[in-house]
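We did not get these values from a lab; they are worked out from the coordinates using the rules stated. Predicted model, so just to flag it, every value in this text is computed and none were measured. Virtual Cβ from ideal backbone geometry, glycine too; neighbours counted across all protein chains shown.
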Amino acid sequence: ILNVEQSPQSLHVQEGDSTNFTCSFPSSNFYALHWYRWETAKSPEALFVMTLNGDEKKKGRISATLNTKEGYSYLYIKGSQPEDSATYLCASWLDRDDKIIFGKGTRLHILP
Amino acid sequence: DSGVTQTPKHLITATGQRVTLRCSPRSGDLSVYWYQQSLDQGLQFLIQYYNGEERAKGNILERFSAQQFPDLHSELNLSSLELGDSALYFCASSVGSSSGLYNEQFFGPGTRLTVL
């Protein structure tokens, strides 16, 4: 069974602190990984598309790394702000048929 | 605003009925994806269309079907509805190539379907 796992499920972080969370996927079947940010009552918003081992992407205070050999990606948020409160989803393509599998997300709460 | 539109926003119907959900992709995007978000499940990929042709199929039930029209809008048809089909249905679009692997997807606001 091909699965994408995210941890932790939920995270509370003090405003101003930095944080990171993980997306794990089967390393033997990898083509691409996407990160999305999903605010309550809105729709998912694309953050990064990652494709190569060692790929690193950055957008403002948010960055992501990818390790395809060991099957994980980290999402980092530096200096958390209230507007970072959201669910962060990762999605991986685990075969060439473009079957996309989403993790269940990490719910991030920023405490004032 | 992602530029992807979905109608209707909400839909309430009864078991056994058939409904059609509509999606208009961003201008210039050729790929449309449909997803289902149920309470107890994560986001589930249903189906992808690229420039009018079915490109990839996920966990789509036989009672569900989709199509993409020449103007690139897409419709998801759900028939013989069951209580368990109640969910939020998202459509997303992406640019260019037939493969969605390397392109960002832009999500619409979703259609909330309630089956009573």
Cα coordinate range in region B:53-116, projected on the principal axes (Å, largest first): 39, 23, 22
More than 18 angstrom apart: percent of Cα pairs within region B:1-61: 48
Under 5 Å, built H, 5+ apart or other chain: amide partners of A:Gly105: A:Gln6, A:Cys90
Other protein chain Cβ atoms within 10 Å, averaged over every residue that makes up A:42-51: 5
Binned Cα-Cα distances of the protein assembly as shown, short to long, each 5 Å bin given as a whole percent: 1, 7, 14, 18, 18, 17, 12, 7, 3, 1, 0
Packing-based exposure ordering (other Cβ within 10 Å, fewest first) of A:Tyr31, B:Tyr33, A:Tyr88: A:Tyr31, A:Tyr88, B:Tyr33
Cα point-scatterer Debye curve for region A:36-79, base-10 log of I(q)/I(0) at q = 0.19, 0.21 Å⁻¹: -0.63, -0.73
Residues listed by number, region A:21-36, amide nitrogen under 13 Å from A:Leu52 label point at 7 Å toward C-beta: none
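What does the structure give for B:44-50 when I average, per residue, the other chain Cβ atoms found within 10 Å of the residue Cβ?
Mean partner shielding for this stretch: 2.
Based on the alpha-carbon set only, what is the convex hull volume of chain A divided per residue, in Å³?
Each residue corresponds to 94 Å³ of Cα convex hull volume.
So what is the relative contact order for region A:21-65, in percent, with contacts set as C-alpha pairs under 8 Å and at least six apart?
26
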Fraction of the pair-distance distribution of region A:63-112 above 12 Å, Cα-Cα pairs, percent: 72
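Count, for each residue of A:9-20, the Cβ atoms from other chains sitting within 10 Å of its Cβ, then give me the mean as a whole number. Please list the in-between numbers first.
Numbers: counts 0, 0, 0, 0, 0, 0, 0, 0, 0, 0, 0, 0.
That average works out to 0.
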Cα-based reach from A:Lys57 at 15 Å (exclusive), listing aspartates and glutamates while leaving out same-chain residues under 8 positions away: B:Glu104
Sequence of B:Asp29, B:Asp71 once ranked by neighbouring C-beta atoms within 10 Å, starting from the fewest: B:Asp71, B:Asp29
Per residue Cα convex hull volume in Å³ - calculated over region A:1-49: 124
Separation between Cα centres of region B:100-116 and region B:1-30, rounded to whole Å: 9
Binned Cα-Cα distances of chain B, short to long, each 10 Å bin given as a whole percent: 15, 50, 29, 5
